[in-house]
Amino acid sequence: MNKKRDLVIIGGGPAGMAAALAAYEKGIHDILILERDSELGGILNQCIHTGFGLHTFKEELTGPEYAGRYIDMINEKGIPSLLRTMVTDIKSGDPCVVTAMNKDMGLFQIEAQAVVLAMGCRERSRGAMNIPGYRPAGIYSAGTAQRYVNIEGRMPGKEVVILGSGDIGLIMARRMTLQGAKVKLVAEIMPYSGGLRRNIVQCLDDYHIPLKLSHTVTCIHGKDRVEGVTVSKVDEALNPIPGSEEYVSCDTILLSCGLIPENELTLEAGARMDDVTQGPVVNEHLETTQRGIFACGNVLHVHDLVDNVSKEAAKAGEFAAEYIHNKYSSWGEAVRPPIPEKTKCTLPEDRDMESQLICIGCPMGCLITAKKKEDGSLDITGNTCPKGEAYARSEMTAPVRMVTSFVYLQGGKDKVVPVKTAGEIPKEKIAACMEEVRNTIVKAPVKTGDILIANVADTGIDVIATGNADKGV
């Protein structure tokens, strides 16, 4: 392998791939992507739900579908990658030196004219939340549980309490329910949800899962395995209110309490860090304080939408290419990348569930009022686009949803393959649809778009693969 490269990108998720493609378009073709997982795509591979690509591809895709489009573009350009490769150290300079290791090459170093950091982010652990109790089995971060369910086809438990209402937690409430678990409640310490309003609707309201705002877990019961939790209401200072304790039996706790940039390598490289974003300090070219090292995506600051990750990463790739071409020496001033202000997700306490709807057509989650007139027609207000009006009309007459899940796989290196309904199905058919999906086993190979279940639950809609699955070796 060539131990000298123009550009090395650390991380093969959406940020790393977008940066590589942008640099390639700017004339830098000697690129190498280093990825610690067994395939490109990063966290998107386990995000089998829809909600990706509305800005980038102008259509709603699942995580594997979004990743697949970028992987196809990477392959078309012939941009190489080293998988199952862990980067252990980075040193800036001219050239930069990246130290990495894998089972085939052992420990090795690569000299690079520039490096792009695209390692993503990680979840906050239980230790960061100071929850009292033993350390029994059954406590998972929401992302870990998501991988167990969506990649490995394993269920973490049967009765679940979720702490934190971030989007991953809300989405996992739905996933666990669809796979047959009972989600008792979602507790959120803040007086508002940490996730998108549309996810409250389609992940909690659709399945009658209660969301307790201004509540937190104050004790975990059980020594060998979780047996239950104590949930307490908190005051304005976020302190538990004595006498508000409620015991909830469960065998599993999922923690969805925020994300932080994955910046151990950034620190090792000596880059100065930003106390606000918890990512590196960068200039207007997304270059860190270490010359020739750039950062983008969730390693720079946590994003709400993967489309924004891709957009920012493309700029980082372009700036890295410009640096390689020109080797400019002026670092300039520190500039904090624009971070979209996260809307505090609150719903009117007196909301009329019959007529006030939350649109699930896009992340905006418009609050729409739909009232029936005397002549039977609908008066719809509050939507900001035609999609909102169409959703309100459907929701008031015949509500529909798209279902995403997985089917078990035989004869492949993977245990499951992600799937979705090829269109929206009647909401009342979701349970019957999932019954068929859970009982379906398909044989490898499978490719994206293959019909795996025809006319699921007599809806006239097929279930199709949203990822590829090769035969085992």
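The values are calculated or read from the model by the stated rules, or taken from the named source; none is laboratory data. Worth saying up front: this structure is predicted, and the values here are computed from it rather than measured. Glycine gets a Cβ as well: all are built from the backbone with ideal geometry, and neighbour counts include every protein chain shown.
Please go through the range 199-219 and pick out each residue that is crowded, with 18+ Cβ neighbours inside 10 Å and among the hydroxyl-bearing types (Ser, Thr, Tyr).
If the condition is that a residue be crowded, with 18+ Cβ neighbours inside 10 Å and among the hydroxyl-bearing types (Ser, Thr, Tyr), then 214, 216, 218 are the ones that fit.
Being farther than 16 Å from residue 159 by Cα and of a type in the set (A, V, I, L, M), is that true of even one residue in the range 199-209?
Taking the range 199-209 and keeping what is farther than 16 Å from residue 159 by Cα, we get 199-203, 205-206.
Those left that are additionally of a type in the set (A, V, I, L, M): 200-201.
Scanning the range 199-209, I find at least one residue that is farther than 16 Å from residue 159 by Cα and of a type in the set (A, V, I, L, M), so the answer is yes.
Under 26 Å from residue 302 (Cβ atoms) and not in a strand (DSSP E or B): is that true of residue 162 in this structure?
Details: under 26 Å from residue 302 (Cβ atoms): yes; not in a strand (DSSP E or B): no.
Criteria not met by residue 162.
Among the listed residues 20, 67, which satisfies the condition of being outside the structural domain of residue 149 (by TED's automatic domain parsing), closer than 16 Å to residue 296 by Cα and not aromatic (Phe, Trp, Tyr)? Before the answer, list the steps.
Numbers: 67 fails: closer than 16 Å to residue 296 by Cα.
The conditions single out 20.
If residue 336 satisfies all but one of (1) basic (Lys, Arg); (2) under 21 Å from the mean Cα position of the chain (by Cα); (3) at pLDDT 75 or above; (4) outside the structural domain of residue 54 (by TED's automatic domain parsing), what's the number of the condition it fails?
Of (1) basic (Lys, Arg); (2) under 21 Å from the mean Cα position of the chain (by Cα); (3) at pLDDT 75 or above; (4) outside the structural domain of residue 54 (by TED's automatic domain parsing), only one is false for residue 336: (2).
From the set of residues in the range 172-185 that are surrounded by fewer than 24 Cβ atoms within 10 Å (Cβ to Cβ) and not charged (D, E, K, R), which is nearest to residue 236 (Cα to Cα)?
Selected residue: 185.
Would you tally the residues in the range 422-473 being over 24 Å from residue 67 (Cα atoms), surrounded by 20 or more Cβ atoms within 10 Å (Cβ to Cβ) and small (Gly, Ala, Ser)?
1
Looking at (1) surrounded by fewer than 22 Cβ atoms within 10 Å (Cβ to Cβ); (2) touching a residue at least 24 places away in the same chain (Cβ under 8 Å), which is the one condition that is false for residue 252?
All conditions are met except number (1).
From 397, 404, 288, 343, grab the single residue that is modelled with pLDDT of 80 or more and surrounded by fewer than 18 Cβ atoms within 10 Å (Cβ to Cβ). First the steps, then the outcome.
Working: 404 fails: surrounded by fewer than 18 Cβ atoms within 10 Å (Cβ to Cβ); 288 fails: surrounded by fewer than 18 Cβ atoms within 10 Å (Cβ to Cβ); 343 fails: modelled with pLDDT of 80 or more.
Just a single option satisfies the conditions, and that option is 397.
Suppose we filter 152, 188 for residues that are touching a residue at least 12 places away in the same chain (Cβ under 8 Å) and surrounded by fewer than 22 Cβ atoms within 10 Å (Cβ to Cβ); which single one remains?
On the way: 188 fails: surrounded by fewer than 22 Cβ atoms within 10 Å (Cβ to Cβ).
So the residue among 152, 188 that is touching a residue at least 12 places away in the same chain (Cβ under 8 Å) and surrounded by fewer than 22 Cβ atoms within 10 Å (Cβ to Cβ) is 152.
Inside the range 20-134, counting only strands (runs of 3 or more DSSP E) that do not spill past its ends, which hold 3 or more residues that are at pLDDT 95 or above?
Those strands (runs of 3 or more DSSP E) span 31-34, 86-91, 96-102, 106-117.
Return yes or no: is residue 382 surrounded by 12 or more Cβ atoms within 10 Å (Cβ to Cβ), under 24 Å from the mean Cα position of the chain (by Cα) and over 22 Å from residue 46 (Cα atoms)?
Working: surrounded by 12 or more Cβ atoms within 10 Å (Cβ to Cβ): yes; under 24 Å from the mean Cα position of the chain (by Cα): no; over 22 Å from residue 46 (Cα atoms): yes.
Spelling it out, it is not the case that residue 382 is surrounded by 12 or more Cβ atoms within 10 Å (Cβ to Cβ), under 24 Å from the mean Cα position of the chain (by Cα) and over 22 Å from residue 46 (Cα atoms).
Among the residues of the range 291-323, count how many are buried (at least 19 other Cβ atoms within 10 Å of the Cβ) and farther than 30 Å from residue 58 by Cα.
Selection size over the range 291-323: 3.
Go through the range 214-235 and give me each residue that's touching a Ser or Thr at 6+ places or on another chain (Cβ under 9 Å), farther than 18 Å from residue 139 by Cα and free of Cβ contacts under 8 Å to residues at least 40 places away in the same chain.
Listed by number, the residues that qualify are 215, 232, 233, 235.
Return the residues of the range 251-269 that are assigned to a loop (DSSP other than H, G, I, E, B) and more than 21 Å from residue 298 (Cβ to Cβ); say none if nothing qualifies. Full working, then the answer.
Going residue by residue through the range 251-269, those that are assigned to a loop (DSSP other than H, G, I, E, B) are 251, 256-258, 262-263, 269.
Correct list: 251 only.
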